[in-house]
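Peer 1: Sharing a structure, written as structure tokens. Questions coming.
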Amino acid sequence: MTLINEHYLKLKAGYLFPEIGQRVKAFSDSNPEAMVIRLGIGDVTRPLAPAIIKAFHEGVEDLSRNATFHGYGPEQGYEWLNKVIIEKSYQPLGVELLPSEVFISDGSKCDSANILDIFALDNKVAICDPVYPVYNDTNVMIGRSGEADEKGYYQGLIYMPCTEENGFTPAIPKEKVDIIYLCYPNNPTGMVASREQLQAWVDYARTNQAIIFFDAAYEAFITEPGIPHSIYEIEGAKDCAIEFRSFSKTAGFTGVRCGLTVIPEQLMALTADGEKVSLNKLWHRRQCTKFNGVSYPVQRAAAAVYSNEGWSQVKETIAFYMENARLILDGLSAAGITCYGGVNAPYIWLKTPHDIKSWDFFDKLLNECHVVGTPGSGFGPSGEGFFRLSAFGSRENVQEAVRRIQRNWGK
Ligand SMILES: *Cc1c(COP(=O)(O)O)cnc(C)c1O
């Protein structure tokens, strides 16, 4: 009889979004006339920018001719893409990278999960609570944890509560950890980390020979000056950090699929015997064996994000979403609801009125306002009593959702 990976059985109640989908479907089936507004799942809604579409088409055209046909590309991405990313996205921050330090992929969800391949199971892993569920669940799947307790904490993983009291920036763990996941601007809380806060993490990591996994999927949404866009803006980070970026939210690539992972050449970790090994080389080996690169037209489309035309179009769409975020933030605050985030990230993290539980608020919002959001508790026990709204809707939907919430919940 074939045996399964039983670590999967430890996972609690499916992935958050299928549960939301089921509740929305049940509601819509029994209320077919209700105009449901979805501000739940973190997916973009606006089409790709014209300059990106043009490059995408050109990439496809290239494939139709003998002279410009492309088969397998480099597993790490075409060098022209790596180079333009470095030049346009890192050098302006004062960060120098080599093309060999940038690995193009089909998205940062996969990368942030797959990266676990190159690390030993007995590393101690710290994640935020609430958190992007992928970090938690992939560690459970690979067998780094025991069972979940009744609160939802998996034995063996270290949780760093992000609460109203600590401004949603967690304290550095007291125990020694080997891998720390950080995500700024943060999903789900929409909060950012200051240069000083990130410096403290980098200092901790270097002192303790730990590695930071820095998820910068939302860096393009930062509007305030002085907030770091990359962990490598922090002194010493190249010795201790891997950075994940994505075209998904930045440029509307959630369905197109392209992301990147940066692993500096100098970044090392140890064998059990204490020998230093390059993580860049290990990841390179891993990708060459398990991955065959992102499709050529997609990489052409990704490169177009950095053209003058492409970037100004992309910035316009981001500004559109951030205006939605402002409308939600202002509208709900005016209704007396305490809100966080929404300034440097497309998410508003609201405190449920009257301390209602997250899922109860979900049901109330769906039934009374026909608005779908995401229960904070779905991102971790410390998310209980909070609720995430996303700014990725149309302007009309966002305005209508705010009106409905104000009507129902306004003082
Ligand atoms: C959306 C998102 C990503 C992007 O994932 P892709 O696989 O690149 O689409 C990564 N991290 C976080 C926290 C996200 O919310």
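Peer 1: Sequence-distant or interchain residues sharing an amide H contact under 5 Å with residue 169, placed H: which?
Peer 2: Those qualifying (amide H under 5 Å, at least 5 residues apart or on another chain) are 163.
Peer 1: Taking the simple approach of a point 7 Å from Cα along Cα-to-Cβ for both residue 363 and residue 141, what is their distance in nm?
Peer 2: If labels sit at residue 363 and residue 141, their model points lie 3.0 nm apart.
Peer 1: For region 52-308, build the charge dipole from Cβ charges (+1 Lys, Arg; -1 Asp, Glu) around the Cα centre, then report which of 132, 64, 120 sits farthest towards its positive end.
Peer 2: Highest projection toward the positive end goes to 64.
Peer 1: In terms of Cα to Cα distance under 26 Å, which lysines are near enough to residue 88, apart from those fewer than 8 places away along the same chain?
Peer 2: 54, 109, 238, 249, 281, 315
Peer 1: Something else about it: Dipole of region 52-308, Cα-centred, from +1 at each Lys and Arg C-beta and -1 at each Asp and Glu C-beta, to the nearest 20 debye?
Peer 2: 620
Peer 1: How would you classify region 52-308 from its alpha-carbon gyration tensor, with a ≥ b ≥ c the square roots of the eigenvalues: rounded for a/c under 1.5, else prolate if a/b is greater than b/c, otherwise oblate? Provide the component values of the computation, followed by the final result.
Peer 2: On the way: a/c = 1.75, a/b = 1.53, b/c = 1.14.
It comes out prolate by the Cα gyration axes.
Peer 1: Which distance in nm do the two modelled labels at residue 5 and residue 91 give, with both placed 7 Å along the Cα-to-Cβ direction?
Peer 2: 4.0
Peer 1: For residue 203 and residue 270 in one chain, what is 0.36 nm times their gap in residues minus the Cα-Cα distance, to one decimal in nm?
Peer 2: The span from residue 203 to residue 270 would gain 22.3 nm if fully extended.
Peer 1: I would also like to ask the following. Let me have the 222 nm mean residue ellipticity of the chain computed from DSSP H runs of 4+ only, each contributing -39500 (n - 2.57), with the sum over all residues rounded to the nearest 500.
Peer 2: -10500 deg cm²/dmol
Peer 1: Counting alpha carbon pairs within less than 8 Å and at least 6 residues apart, what relative contact order, in whole percent, applies to region 52-308?
Peer 2: Value for region 52-308: 27 percent.
Peer 1: Sticking with this one: Pull up the cross-link candidates among the aspartates and glutamates for residue 10, meaning alpha carbon to alpha carbon under 20 Å and not fewer than 8 places away within one chain.
Peer 2: The reachable aspartates and glutamates, counting only those whose Cα sits under 20 Å from residue 10, are 19, 117, 122, 129, 137, 147, 149, 150.
Peer 1: Then there is this: So for 25, 174, what's the accessible-area order with a 1.4 Å probe, most first? Intermediate values should be presented prior to the final figure.
Peer 2: Numbers: 25 125, 174 205 Å².
Highest to lowest solvent-accessible surface, that is 174, 25.
Peer 1: Once amide H atoms are placed 1.01 Å from N in the peptide plane, what residues at a sequence separation of 5 or more from residue 371, or on another chain, have their amide H within under 5 Å of its amide H?
Peer 2: 37, 366
Peer 1: Continuing with this model, one more query. For the chain, what proportion of DSSP beta bridges, expressed in % and rounded to the nearest 5, is antiparallel?
Peer 2: 55
Peer 1: How much accessible area per residue does the chain have, in Å², with a 1.4 Å probe?
Peer 2: So the chain comes to 44 Å² accessible per residue, rounded to a whole number.
Peer 1: Mind listing the long-range amide H neighbours of residue 106? Cut-off is under 5 Å, sequence gap 5 or more, other chains count too, H placed in the peptide plane at 1.01 Å from N.
Peer 2: 259
The values are calculated or read from the model by the stated rules, or taken from the named source; none is laboratory data. None of the values given here were measured: they were computed from a predicted structure. So basically every Cβ, Gly included, is an ideal-geometry build from the backbone, and we count neighbours across all protein chains shown. Protein only, heavy atoms only, side chains kept; ligands, DNA and RNA dropped before computing areas. Shrake-Rupley method; radii C 1.70, N 1.55, O 1.52, S 1.80 Å.
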